[in-house]
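Working notes, beginning with the structure itself.
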Amino acid sequence: MAATHKAAAILRKGGPNAYAKARRALMADSRDWWDEHVEEESHPATAEGLAEFIRETLEPICYRMEREARFTPAIKAKPWAKGLRAHLLEKLNRYETHLDRKFERTLAMLLKLKGLRAA
């Protein structure tokens with residue numbers, strides 16, 4: 001969350017190389033996710049595009065993860081959760097999101113192929 005806020009602050013401040021500085025301020029996973037969005041052309045590779053990505057995608061996830069982290073002690077106190085390692089759930093959640101994006105791209109490609117075949 002701190003890295004996301006730092007990148008957002010850099011973009012708000014602006015200045016020369018704000019995009020590059022903000023991109024470097026992000027965690028490696030977030031940076032990779034941003035690069036995927038740029039490749040998919042979901043966002044332009046600009047300071048404005050990165051700011052929108054942070055505001056609409058990263059910050060909501062960070063807030064949700066922070067909220068979940070606050071309740072982790074209560075979850076661990078439950079008898080069924082003794083073996084739960086919450087830090088591993090974050091990786092699974094990110095992987096699920098990654099697979100969802102891949103599935104959406106595959107469906108989009110299949111629909112395009114169907115359209116080309118019909119034409």
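The values are calculated or read from the model by the stated rules, or taken from the named source; none is laboratory data. For clarity, every value in this text was computed on a predicted model and none was experimentally measured. Quick reminder, even Gly has a Cβ in these numbers, built from the backbone with ideal geometry, and neighbours come from all protein chains shown. Calculation scope for accessible area: heavy atoms of the full protein, side chains included, ligands and nucleic acids excluded. Shrake-Rupley method; radii C 1.70, N 1.55, O 1.52, S 1.80 Å.
See the values below:
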quantity	calculated
Of all residues making up region 12-37, the number that are surrounded by 15 or more Cβ atoms within 10 Å (Cβ to Cβ) and farther than 15 Å from residue 98 by Cβ	7
Failed condition for residue 54, given (1) in a helix (DSSP H, G or I); (2) open to solvent by 60 Å² or more (accessible area, probe 1.4 Å); (3) under 27 Å from residue 92 (Cα atoms)	(2)
Qualifying residues in region 40-49 (those that are assigned to a helix (DSSP H, G or I) and more than 14 Å from the chain's Cα centre (by Cα)) - the one surrounded by the fewest Cβ atoms within 10 Å (Cβ to Cβ)	48
Near pairs, Cβ below 9 angstrom, 6+ apart or cross-chain, from region 48-69 (under 11 Å from residue 5 (Cα atoms)) to any residue that is among the β-branched types (Val, Ile, Thr) and in a helix (DSSP H, G or I)	54/4; 58/4; 59/4; 62/4
